[in-house]
Amino acid sequence: MLELNAATIAFFIFSIFLVGGALGVVTSSNLIHGALYLIISLFGGAGFFVLLSAPFMAAVQVLVYIGAIAVLIIFAVMLTRSMTRMTEVYNRQWWLSALAGALLLLMLVVGVILPVWGNGGARPNMPISDIVATTEALGVAFVSGDQYVLPFEVASLLLTGVMIGAIVLARDTES
Amino acid sequence: MDINALLNDPNFLPWLIPVGPLLAFFIISLLTSRSKMTPATSAAYGGHHPDYDGMDVPIVTDRSRVVSIIVGMSGALSAWILSLRVVFEALAVQDFGKNVLASSLDWMDTGLTAFRMGVLVDPLTVIMLIMVPLAVTMIFIYSIGYMANDPRQARFFALISLFAGAMLTLVVADNLLLLFFGWEVMGVCSYLLIGFWFEKKSAYNAAIKAFTTTRVADVIMLLGIAYLFFSTGTLNFRDIMYNPMPGQDMAAHVEETGDHSAETAVAEGGAVVVEGEAAAAEGDHSETAAAEGEYGSEAHVITWAAHLGETPAIFFGGISAAGLIGIFLIIGTIGKSAQFPLHVWLPDAMEGPTPVSAMIHAAAMVSAGVYAVLRMYPVFEAGGHPHDGVFTSPLMLMAVVGSVTALFAATIAVAQNDVKKVLAYSTISQLGFMVAALGIGGFVAAAFHLITHAFFKALLFMASGAVIHGMEHGEHHVHAHGHSHGHDDGHAPAALPQGAGGGPLDPRLELAMDHGHGSADHGGHDAHGHALVTTHAAHDDHAEDHGHAFDPQDMMNMGGLRKTMPVTFITFLIGGMSLAGLPLITAGFWSKDEIIAEAWLGTTKGFGPHALVLICLSLAAFMTAFYTMRQLGLTFWGDNRTEEAAHANLGRGIVSVAMTLPLIILSFFAIVAGFVGVLPDFPILGGIFTPGKVAPFGALVEKALVNPVPHLSFNIIPVLISFTVALGGLFLGWLMYWRKPLTAGQKDPMITILGDSVHTTLKNKYYFDELYIMVFVKPSQWFAKNVSYEFLDKGLIDGFLHLVAAVFTFIGDLLKVLNLWLIDGVSDGIPTLIARSGKWFRGTQTGRIQQYMLFVLIAALVIGVIFAVTTGVLQAAP
Amino acid sequence: MVPLWMYLIVAAIVFCIGVYGVLSRRNAVAILMSVELMLSSVNINLIAFWRYTAPENMAGQVFAAFVFVIAAAEAAVGLAIIISIYRNRRSVIVEDVNLLRG
């Protein structure tokens, strides 16, 4: 079943990062701490990407998610510090949300994942092949006319729009 | 239908006799009685009733007066002429009595058969048809004068026409039911006419008294009629009393007479049915089913009446069916003919106008009672034979009641001071004579006395009306000349010439002024007859006070009227003598003598009832003669006792002629009518007047009966008795009232003779009225007020209605609450519900996005679970 | 290698934690961070599936790359909005933003 080799141990370590980071995000009252926990979680995700033979994704994760988004979040936290810092962490419906979330997890795991990919499930759990496409192939896919160049361009437009929008939204109105 | 043939058919003519007066009633009622509204204080209204002062009252227009007079007289004359024609036709019928004039038609289908109504003219009808229309016509003529200034004259003529029509219907009826119809209609008319001056309380009280008293008797009579019908299945007179019962042996008859037509007639039920055309074609008269054997033989026909005399009555085992029926029918006569104890209505009926009194108490109503008994005599006699001393219960009843009444009423009459009251009690007494005569089997004698009595009593009443009229004239004269009162009272102006010269004035205007005091005055005065008995100082109903009450009917106020009213005096004298039975020359003598002769005959044979009748009737005849002489003496002889009497007269003009002419005609009959009944073996006179074996009257009347009646033969003793009582009474009266006539203010010698207490008792009619009030009237009034009104009407019926109303009100309130609660609740509740639920739903819109997202997640989870369960994905897991 | 379902379970766990965070945190920025967690877990799912079922086809990675793009764009705009709200209301508690309240 599960061989105890470096990959498995790395898996577990990274999963700890993921889950622990996630828990920390959700429960921290100090938002800076929360952002840092987010970074840890995302880092765990990057590790997963490495294990899954997607080094480009791992790099992008670290660069974009952690480097840009998480930092942006830290900036936002710093910009939106309220005077009273004794506000509660959770809102009124936290227990119901927890319940719902747990149920969702239960459903996903028991209803979907385990029946299909668990023991005795219909789908295989092991990779089909070990021949993995390279990063070069990914780059080609982005710009190749018969592959994904259109979504690529649209994505760039989107980002332009987002930039403009963010600037418009967040600019100083009394100028 | 050929009218000529119909009118020539003597069977059909009797139908037309009552038609004239009845038609007159309808025409007068519908066409006339137009009236002008005039103030009640006007002269035309006369007796100003205080209740009507200040109001307008209807007074009939002159045109209506004329129309009513013409139509009324036409009706009466037509009845008279037709009756005479029918009488002649009837007397010309061969073997009249066995063969009669009859005509009938199917009146009511009763299954297989039909009840027939029709007319019958047999000997009894004939004598009534001679008397009744004559008397009625005389009364009509008299009324023209008497009611000339009455404000409601047209109504009066309508009512007496109806009265006459009813009486004639009764006379020509061929069955007991039609007779009863006439009987009842006359009862209604008596009520309407006695209460003609209904403003006067005593008048309408008297009307009610008359009607209810006779009604009591009529109900019992109806029971008798019903029982008769129940027993025999028919009410036809001939079928019950003359024809043999159905099922009698006809073979013997056919053999004897060879007459088959009667057989078929009997087979049809024995009713006499002849169509007018058939009779006219045959030119002969209808026949009835012949009696078995020749008339006059000893064979007795078994009629229904005879049969009923043998069968026992239901419920009362002791007497026969005929006896029970007879008693009931006699009770009817006791009421109608005012016998003891139902006599109380007749004196009070003097409240009506005098023509009404004449009609009711002489010609019509009381005669109807005796006529009914005469008609049904075979039923009363059935099972008995009074001439042999075998009496049935009805006959006993009649003998006793008749004799008691005769004596009882005569004793009251001697103490009365009102001229009409004396005559009223005299009528009761004479009817007692007739009923008693029938009780002892004197069929012919009773019929004879009925006819003669009608003549002289009608004469006496009308003459007394003339006297009263004259006295009122005198009263006017006294007032007009301001004598002793010094006030003028809207009557005739002061300087009006009285009586002596009619002057250039239009007679009618003169009458109007003379009578300005009004014929309603008569209402005031006639009616005082009743009031007078209770208190001598009777108070008129005039608005003006006379200072002292003058009663023009009080004989004590009269005296010496022979000087100013000679014609009235002579006719009154003739009538009075006839009533008293002045021997030989008056009709009353002959009829009374025959009754006494019948009684004597039975007494010699030792029969008790005959003796009773003899004694009572002799005493009554004696007293009759006495009080008649007393009345004549007080009224006409001597000197005027009051100023009014001095000026009493009838005046000149149509009124006096209209009032005196009938008197003259009737006095002729009051003398002559007796000579048809003279016994053949009466010394001298018998040979003159009665050629045959039987007196003409008796010969005619006895043919009405199917069984032969024994003939009276002359006996000197009853004649002597009649002579003695009549002359003795007249002599006594002459002694007390003529030799030394009473002067003004002198007390009646009767009071000293009889003693104060006895006289007062007689004057107060033995206090019978008071007794009846205590025994019958007051309890009825108590019952009517407390039980019918309070308990039944207000308590039960109103209570029930209130209950129903309360229930429905309650239901209404309930529905209201239901409505409010349910319907309003629903219709208000739905919007409220919607509003509230809307408000509640609005609560979900908190504006908090995380909440929305949570709901989305929960929804997704739910859908996922459902999806998992339904597609069995969950089940697929190991 | 680790069986696929383990990757999936970890991703599911992180996703559900992210869901919990979105629904229950009061601070808007914290909500945004939880959203990033969710997107990250989705990425993990995608790459895991790519690796285990179609490693030579680039579609999986391309998809994940685009998810990155979207996540970044969304974070930028979201934060811009949060800053704008903060300027108006001096608060980033999402519960206070209830103008849609009915």
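The values are calculated or read from the model by the stated rules, or taken from the named source; none is laboratory data. Small disclaimer: the values here were computed from a predicted structure and weren't measured. FYI the Cβ positions are ideal-geometry reconstructions off the backbone, even for glycines, and counts take in every protein chain you see.
Assorted remarks:
- Members of the range C:59-87 found to be of a type outside the set (A, V, I, L, M, F, W, C), surrounded by fewer than 21 Cβ atoms within 10 Å (Cβ to Cβ) and more than 7 Å from chain A (Cβ to nearest Cβ), listed by number: C:E74, C:R87
- In the range B:180-193, the residues that are touching a residue at least 24 places away in the same chain (Cβ under 8 Å) form Cβ pairs under 6 Å with partners that are not hydrophobic (A, V, I, L, M, F, W, C), at six or more places apart or across chains, as follows: B:G182/B:T169; B:G187/B:T214; B:L193/B:G352.
- From the options C:E56, C:E36, residue that is at the interface with chain A (Cβ under 7 Å from one of its Cβ atoms), not in a helix (DSSP H, G or I) and not small (G, A, S): C:E56
- Candidate set: the range B:738-753, residues that are within 35 Å of the chain's Cα centre (by Cα) and not charged (D, E, K, R); chosen: the one surrounded by the most Cβ atoms within 10 Å (Cβ to Cβ): B:M750
- Qualifying helices (runs of 4 or more DSSP H) (wholly inside the range A:102-175; at least 3 residues being farther than 19 Å from C:F66 by Cα, without any contact (Cβ under 8 Å) to a residue 12 or more places away in the chain and within 8 Å of chain C (Cβ to nearest Cβ)): A:149-170
- Taken as a whole, the structure leaves B:I208 outside the set of residues that are within 30 Å of B:T113 (Cβ to Cβ), part of a helix (DSSP H, G or I) and of a type in the set (A, V, I, L, M, F, W, C).
- Residue-level check: of (1) in a loop (DSSP other than H, G, I, E, B); (2) at pLDDT 65 or above, B:A289 misses just (2).
- Test: residue in the range B:742-756 that is in contact with an Asp or Glu (Cβ under 8 Å, 6 or more places away or on another chain), touching a residue at least 40 places away in the same chain (Cβ under 8 Å) and within 23 Å of B:Q416 (Cβ to Cβ): yes
- Failed criterion for C:V14 (all others in (1) surrounded by fewer than 24 Cβ atoms within 10 Å (Cβ to Cβ); (2) within 7 Å of chain A (Cβ to nearest Cβ) hold): (1)
- Being surrounded by 14 or more Cβ atoms within 10 Å (Cβ to Cβ), in a helix (DSSP H, G or I) and at pLDDT below 80 is a property that B:G686 has.
- Residue match in the range B:388-408 (condition: surrounded by fewer than 24 Cβ atoms within 10 Å (Cβ to Cβ) and out of contact with any helix residue (DSSP H, G or I) (no Cβ under 8 Å at 6 or more places or on another chain)): yes
- The condition (being farther than 30 Å from B:P749 by Cα and in contact with a His (Cβ under 8 Å, 6 or more places away or on another chain)) is satisfied by just one residue among B:P378, B:P353, B:P347, B:P394: B:P353.
- Candidates in the range B:559-569 are the residues that are part of a helix (DSSP H, G or I), more than 30 Å from the chain's Cα centre (by Cα) and hydrophobic (A, V, I, L, M, F, W, C); of these, the one that is surrounded by the most Cβ atoms within 10 Å (Cβ to Cβ) is B:L561.
- For A:V64, the requirement of being more than 7 Å from every other protein chain (Cβ to nearest Cβ) and on the phi < 0 side of the Ramachandran plot is not met.
- Test: C:V29 is out of contact with any strand residue (DSSP E or B) (no Cβ under 7 Å at 6 or more places or on another chain) and either assigned to a helix (DSSP H, G or I) or touching a residue at least 12 places away in the same chain (Cβ under 8 Å) (or both): yes
- Residue count for the range B:182-213, restricted to those that are among the small types (G, A, S) and under 10 Å from the mean Cα position of the chain (by Cα): 4
- Residue within the range B:4-20 that is buried (at least 23 other Cβ atoms within 10 Å of the Cβ) and farther than 24 Å from B:T125 by Cβ present: no
- Scanning the range A:26-36 for residues that are farther than 22 Å from A:V50 by Cβ and part of a helix (DSSP H, G or I) yields A:V26, A:T27, A:L31, A:I32, A:H33, A:G34, A:A35.
- Flag for A:F12 being more than 30 Å from B:A860 (Cα to Cα) and part of a helix (DSSP H, G or I): yes
- Residue check for B:G825: more than 29 Å from B:P779 (Cβ to Cβ) and either small (G, A, S) or not in a helix (DSSP H, G or I) (or both): yes
- Criterion violated by A:Y37 - all others in (1) closer than 22 Å to A:L138 by Cβ; (2) more than 7 Å from chain C (Cβ to nearest Cβ); (3) hydroxyl-bearing (S, T, Y) satisfied: (1)
- Hey, B:D769 part of a helix (DSSP H, G or I), touching a residue at least 60 places away in the same chain (Cβ under 8 Å), of a type in the set (D, E, K, R) and surrounded by 11 or more Cβ atoms within 10 Å (Cβ to Cβ) or not: yes
- Sole exception among (1) surrounded by fewer than 24 Cβ atoms within 10 Å (Cβ to Cβ); (2) at pLDDT 90 or above for B:F96, by number: (2)
- Scan of the range A:40-55 for residues that are more than 7 Å from chain C (Cβ to nearest Cβ) and either closer than 17 Å to C:A48 by Cα or not in a helix (DSSP H, G or I) (or both), ordered by number: A:F43, A:G44, A:A46, A:G47, A:V50, A:L51, A:P55
- Residue list for the range B:556-602, restricted to those being closer than 12 Å to B:L460 by Cα and either among the polar types (S, T, N, Q) or in contact with a Cys (Cβ under 6 Å, 6 or more places away or on another chain) (or both): B:T568, B:T571, B:S578
- Hits in the range B:23-54 - residues which are hydrophobic (A, V, I, L, M, F, W, C), surrounded by fewer than 20 Cβ atoms within 10 Å (Cβ to Cβ) and either within 21 Å of B:V121 (Cα to Cα) or within 28 Å of the chain's Cα centre (by Cα) (or both): B:L23, B:F26, B:I27, B:L30, B:L31
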